[in-house]
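Down below is the structure, laid out as structure tokens.
The numbers here are math on the coordinates, done by the rules we state, and not lab data. Just so we're clear, the structure is a prediction, and the values are computed from it rather than from any experiment. Here the Cβ positions follow ideal geometry from the backbone for every residue, glycine too, while neighbour counts run over all protein chains shown.
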Amino acid sequence: MENLLEAKNLSKEYFKTTGFFSRSRTSIKALDNISVSIKKGITLAVVGESGSGKSTLAKSLIRLIELDKGSITFKNRNMRAINGSDLKKARKNIQMIFQDPYASLNPRMRIIKIMEEPLQIHDIGNSATQYTKILSMIKRVGLLEEDLSKYPHQFSGGQRQRIGIARALILEPELVICDEPVSALDVSVQAQIVQLLKSLQKEFGLTYLFITHDLRIVRHIADEVIVMKNGKLIEQGKTDIIFRKPKNKYTKELLASIPGNLSKRK
């Protein structure tokens with residue numbers, strides 16, 4: 001199976017200044033020499049507690065955060081060496097579903113405008129073909145044509161996340177970065193969204209990078225897992241193997257903290 005994206009030796013350091021009279025400067029390594037490969041058509045989960053570097057990794061892959069060092073190759077193109085129109089084209093193929101379905105949608109825009117925006121930015125189709133494409137996608141995520149005339153506040157959290165998913169997929173990307181996409185939702189809604197993501201992956205041949213702190217969800221959606229702690233890659237492997245025979249103490253602690261018997265993947 002070919003690699004869609006390869007990231008090697010990624011490092012990102014932040015500096016924090018503390019104190020009032022006696023100022024001191026400390027460094028925080030958000031990414032500490034991380035290397036990741038994402039195979040085409042799979043779901044790779046990145047797991048870790050808050051502050052482990054998961055979201056920094058996700059955002060660095062599409063250059064929402066600039067790295068201190070490292071290389072990122074997507075479809076044999078050097079992502080760190082391109083700019084302008086070339087970067088715009090690459091980003092069309094890498095879309096993101098954000099954590100907070102309340103904050104990620106513009107409250108002043110109707111859903112039709114939210115869905116139109118990426119198509120217009122990338123100059124795809126005319127108004128008629130855009131509407132056909134939008135209608136097809138909004139129905140595919142379980143919403144109705146009349147929902148296109150509504151505003152985000154008129155929807156539940158789960159419905160808003162469905163809109164966020166539809167917006168991410170409207171450009172027909174190959175890689176979708178899911179940054180804690182269900183953590184802000186009720187447990188019953190989480191299951192619905194995870195099932196929707198799995199269905200869409202199968203239908204459109206998508207590759208997912210799934211960022212989460214919740215191993216219960218990883219168990220049901222991921223083919224492979226990376227475990228992060230303090231900016232470092234602690235453990236990686238097939239999901240089944242990680243759950244059955246974790247090697248690292250930290251991974252074992254994460255698994256032990258989840259209620260229920262996780263020795264077998266359901």
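Key figures for this structure:
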read-out: Cβ charges +1 (Lys, Arg) and -1 (Asp, Glu), total dipole of the chain, debye; value: 620 debye
read-out: Additional length obtainable on full extension of the chain from Leu64 to Ser35, 0.36 nm per residue less Cα span; value: 8.6 nm
read-out: Under 15 Å, Cβ to Cβ, from Asp186 - net charge with Lys/Arg +1 and Asp/Glu -1; value: 0
read-out: Förster radius 22 Å - calculated FRET efficiency between Ser183 and Glu253 (Cβ-Cβ, nearest 0.05); value: 0.65
read-out: Charge context of Gly157, other residues only, Cβ under 12 angstrom, K/R +1, D/E -1; value: 0
read-out: Antiparallel DSSP beta bridges within the chain, percent to nearest 5; value: 60 percent
read-out: Net lengthening on full extension, Asn230/Glu6 (0.36 nm per residue, minus Cα-Cα); value: 78.5 nm
read-out: Helix-only mean residue ellipticity at 222 nm for the chain, each DSSP H run of n ≥ 4 adding -39500 (n - 2.57), per residue, nearest 500; value: -10500 deg cm²/dmol
read-out: Per-residue HN-Hα couplings for the range 94-104 [Karplus 6.51, -1.76, 1.60; θ = phi - 60°; Hz; x = Gly/Pro]; value: 10, 10, 10, 10, 8, 5, 9, x, 7, 8, 8
read-out: Net length gained if the chain between Ile124 and Tyr14 were fully extended (0.36 nm per residue, minus Cα distance); value: 35.8 nm
read-out: Ranked Lys29, Lys12, Lys113, criterion: other C-beta atoms within 10 Å, fewest first; value: Lys113, Lys29, Lys12
read-out: Approximate shape of the chain as ellipsoid semi-axes (Cα gyration tensor, √5λ), whole Å, largest first; value: 31, 23, 19
read-out: Contact order relative to length of the chain, as percent, for alpha carbon pairs under 8 angstrom and 6 or more apart; value: 25 percent
read-out: 19 Å Cα cut-off, lysine pairs counted over the range 42-146 (separation 8 or more, or different chains); value: 13
read-out: Candidates Asp123, Asp32, Asp186: whichever shows maximal mean-square fluctuation once the chain is modelled as a Gaussian network with Cα springs under 10 Å; value: Asp123
read-out: Cα→Cβ-extended label distance, 7 Å offset, between Asp240 and Arg110, nm; value: 5.0 nm
read-out: Shape of the range 102-172, Cα gyration tensor, a/c cut at 1.5; value: prolate
read-out: Local electrostatic count at Arg63 - Lys and Arg +1, Asp and Glu -1, tallied over other residues with Cβ under 10 Å; value: +2
read-out: Per-residue Cβ neighbour rank within 10 angstrom, fewest leading, Leu255, Leu31; value: Leu255, Leu31
read-out: Fluctuation leader among Leu197, Leu233, Leu144 - the chain, Gaussian network, Cα springs under 10 angstrom; value: Leu144
read-out: Order of Val225, Val218 - criterion: other Cβ atoms within 10 Å of each residue's Cβ, fewest first; value: Val218, Val225
